[in-house]
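A.B. asks: Let me give you the structure first, and then I'll get to my questions.
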Amino acid sequence: MKIAVIGTGYVGLVSGTCFAAWGHQVVCVDKDAQKIAGLKQAILPIYEPGLDELVEENMKAGRLGFTCNLAEALKGAAVVLIAVGTPARAGHGDADLSFVYMAARELAPHLEKGAVVTVKSTVPVGTGDVVEKIIGSIRPAGTFSVASNPEFLREGVAIRDFLEPDRVVIGVEDQRARKALMELYGPPLESRGTPIVVTRRRTSELIKYAANAFLATKITFINELADLCEEVGSDVGELALGMGLDKRIGSSFLNAGPGYGGSCFPKDTLALLRTAQDHGVALRLVEETVTANEARKRRMALKVMDALDGDVEGATIAVLGLTFKPDTDDMRDAPSVPLIETLQRFGANIRAYDPIGTENASRILSDVEFCHDAYECVRDADAVVVVTEWDSIRRLDLGRVKRAMRQAVLVDLRNAFSRGAAEELGFRVSAIGRPASARQETRGKYGLQAGDPRSHAGLGGGDNQAKGGRLE
Ligand code: NAD
């Protein structure tokens, strides 16, 4: 099947490449001439494990091409996927749909008769109706279809998520769209028995937001429980393990941390709230999730300050990991940004290291000394803060880290290290959802005083949390 993908960002590029890997004939189009020039030479604009090989392989096989020319891309295409960005509108929270509408206007004149325009971008309910109107103002009704096909891939494991999805959701209003999308996904997924959920367009659009809001809520739930664990002397890794093995709950998205970030959850929860508001519906759980997550991200700087006796003025703080999660270079809404900016406001000097994300981070953060090596980053630091649990960061030699530092203070916002091992080396450790160590209790957590009944050192600290509390 010949398809065109408009927008070659994280979603467009991964989707287009994977469709080609399934044997479809794919042309990816983008307005960014530099991106396309790079892609034509198999130089990728993003970091996604395994993607470069897959792009190259499919280009060589003649199934995948790149262009800035929309007319050329749409020639003969039975399905046209819109995968452009839908960021939150600054100061509003609702999704900025201008890129989607622009793409619809631009593609309309070049659309093949009978083509199915499929919105893969995450868009609020009713966007498909507007896209249909826009195209319908240029092309006769009935000569095209508009469908919804939200994408659920996760950066870092995007290829696997795309090729082996839990389910595919398609939202259609006519048989033509249904048939085309079943042809697109059906044969490659048939042998896997992957469910293809076919709904009306508006339901499909809402499914994506509902799924993301639910996951954001699950993360926020475990984060709040982590706070309670710290107060009562429980261990959130073990708690999550004990909860998550219940099949009704599931263990994913139960890793406590500094708050969710990234290109999807923050903007999608806000956009969902805006849709609900516009329709007079209260989504209180989602509202609370958004508020709690924002507050949490800001509070993480206080956790670092607490670990340094409440004062970071003039201190050198080494931040390990900047991207919003490992295995991506995406810095959108990364928790590292408010953390660093807050510490800077309190007078800290920041050194930072990320295996892949430094270039993107340097466009957002100022007055940060970016290091090419984690050990160089921690040299003479007063505290090291783990913000993103890249494997290479988890594998650091803590003894060597300690020897390089001025003060052995470890603030582990991802529970990436074994607390026991770090303490044995002489680190003062502040982790997430693990009770404060004996040494720290006398120093206070957000003002916690020695002798406070919340101190129950030794009850927790289960070291299975080096992998986020999973069974090993
Ligand atoms: P992105 O910002 O990385 O990429 C968007 C691309 O579209 C850019 O390269 C841009 O140049 C291009 N573009 C914009 N307007 C264009 C036009 N008129 N013609 C041609 N190209 C155009 O975005 P992304 O992260 O890939 O996200 C795309 C959509 O998918 C969003 O709605 C997002 O919410 C959703 N989504 C993202 C993820 C993710 O993990 N990033 C996962 C699921 C869904």
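Read-outs throughout are calculated quantities, based only on the coordinates presented, and are distinct from any laboratory measurement. Being a predicted model, the structure only gives us computed values, none of them experimental. Heads up, the Cβs are rebuilt from the backbone with ideal geometry, glycines too, and the neighbour counts pull from every protein chain shown.
A.B. asks: For a distance above 25 Å, tell me the whole-number percent of Cα pairs in the stretch 2-199 that qualify.
C.D. replies: Result for the distance tail: 31 percent.
A.B. asks: Between 0 and 90 degrees, rounded to the nearest ten: what's the tilt of helix 265-278 against the longest Cα principal axis of the chain?
C.D. replies: Computed tilt is about 60 degrees.
A.B. asks: Beyond 18 Å, how much of the Cα-Cα pair distribution for the stretch 48-107 remains, as a whole percent?
C.D. replies: 55
A.B. asks: Longer than 27 Å from Cα to Cα, which of LYS75/LYS120; LYS247/LYS297; LYS75/LYS267; LYS133/LYS267 are they? Say none if no pair is.
C.D. replies: The pairs that break the limit, which is 27 Å between Cα atoms, are LYS247/LYS297; LYS75/LYS267.
A.B. asks: Still on this model: Rounded to two decimals, what is the ratio between the C-alpha radius of gyration of the stretch 232-455 and 2.2 N^0.38 Å?
C.D. replies: 1.04
A.B. asks: Using +1 at the C-beta of Lys and Arg and -1 at the C-beta of Asp and Glu, which of SER137, GLY321, ALA431 has the Cα lying farthest in the positive direction of the dipole of the chain?
C.D. replies: SER137
A.B. asks: My understanding is that a pair violates if its Cα-Cα distance is over 25 Å; which of LYS35/LYS218; LYS2/LYS31; LYS2/LYS325; LYS60/LYS208 do that in this structure?
C.D. replies: Beyond 25 Å: LYS35/LYS218; LYS2/LYS325; LYS60/LYS208.
A.B. asks: Could I ask something else about it? Once you sort the root eigenvalues of the Cα gyration tensor of the stretch 166-227 as a ≥ b ≥ c, which label holds: rounded (a/c under 1.5), prolate (a/b larger than b/c) or oblate (the other case)?
C.D. replies: Cα axes put the stretch 166-227 in the oblate bin.
A.B. asks: How large are Rg and Dmax for the stretch 142-271 when calculated on the C-alpha trace, in angstrom?
C.D. replies: 18.2, 65
A.B. asks: Apply the a/c threshold of 1.5 to the C-alpha gyration tensor of the stretch 249-329 and tell me whether it is rounded, prolate or oblate.
C.D. replies: Prolate shape, in that a/c is at least 1.5 and a/b is the bigger ratio.
A.B. asks: Around LEU81, which amide H atoms from residues at least 5 apart in sequence, or from another chain, sit under 5 Å from its own amide H, with H modelled in the peptide plane?
C.D. replies: When sequence neighbours closer than 5 places are left aside, the close amide H contacts are ALA4, VAL5, ILE6, THR118.
A.B. asks: Next question, about the same structure. Gain in length, LEU163 to VAL281, computed as 0.36 nm per residue apart minus the alpha-carbon separation, to one decimal in nm?
C.D. replies: Separation in residues times 0.36 nm, less the Cα-Cα distance, equals 38.9 nm.
A.B. asks: Each residue of the stretch 326-335 in order: what ³J(HN,Hα) in whole Hz does its phi give by Karplus 6.51 cos²θ - 1.76 cosθ + 1.60, θ = phi - 60°, with x for Gly and Pro?
C.D. replies: Whole-Hz 3J(HN,Hα) from phi for the stretch 326-335: x, 6, 8, 9, 6, 10, 4, 6, 5, x.
A.B. asks: Pulled fully out, how much extra length does the chain show between ASP397 and ASP52, if you take 0.36 nm times their separation in residues and subtract their Cα-Cα distance?
C.D. replies: Gain in length upon complete extension: 121.2 nm.
A.B. asks: Give or take rounding to whole Å, what are the principal axis extents of the alpha carbon atoms in the chain, in descending order?
C.D. replies: 76, 47, 43
A.B. asks: Can you tell me how much longer the chain between ALA210 and ARG105 gets when fully stretched, taken as 0.36 nm per residue apart minus their C-alpha distance, in nm with one decimal?
C.D. replies: Contour length minus Cα-Cα distance gives 35.0 nm.
A.B. asks: Let me ask you something else. For a quick check of your reading of the filter: which GluC sites (Glu not before Pro) in the stretch 310-384 sit in a DSSP loop and have no more than 13 other Cβ atoms within 10 Å?
C.D. replies: GLU313
A.B. asks: What share of the DSSP beta bridges in the chain is antiparallel, in percent to the nearest 5?
C.D. replies: Bridges in the chain are about 5 percent antiparallel.
A.B. asks: Which percent, to the nearest 5, of DSSP beta bridges fully inside the stretch 2-199 are antiparallel?
C.D. replies: For the stretch 2-199, the DSSP antiparallel bridge percentage is about 5.
A.B. asks: Further question on the same structure: From the convex hull of the Cα coordinates of the stretch 326-434, what is the mean projected area in square nanometres?
C.D. replies: 6.5
A.B. asks: How large is the dipole of the chain about the Cα centre if only Lys and Arg carry +1 and Asp and Glu carry -1, each at its Cβ, rounded to the nearest 20 debye?
C.D. replies: For the chain, the charge dipole is close to 1040 debye.
A.B. asks: So how do ILE170, ILE207 line up by other beta-carbon neighbours within 10 Å, fewest first?
C.D. replies: Least to most surrounded, the residues fall as ILE207, ILE170.
A.B. asks: Same structure, new question: Out of residues 5 or more away from GLY171 or on other chains, whose amide H comes under 5 Å of its own, with H placed 1.01 Å from N in the peptide plane?
C.D. replies: When sequence neighbours closer than 5 places are left aside, the close amide H contacts are SER148, ASN149, THR199.
A.B. asks: Let me ask something else about it. Among rounded, prolate and oblate, which fits the stretch 1-97 when a ≥ b ≥ c are the square roots of the eigenvalues of its C-alpha gyration tensor, a/c under 1.5 means rounded, and a/b larger than b/c means prolate?
C.D. replies: prolate
A.B. asks: Using a 4.7 Å Cβ cut-off, which Cys residues in the chain lack a partner cysteine?
C.D. replies: Cysteines lacking a close Cβ partner in the chain: CYS18, CYS28, CYS68, CYS229, CYS264.
A.B. asks: A further question on this structure: Listing HIS24, HIS110, HIS92, HIS279 from the residue with the fewest other Cβ atoms within 10 Å to the one with the most, what is the order?
C.D. replies: Neighbour counts put them in this order, fewest first: HIS279, HIS92, HIS110, HIS24.
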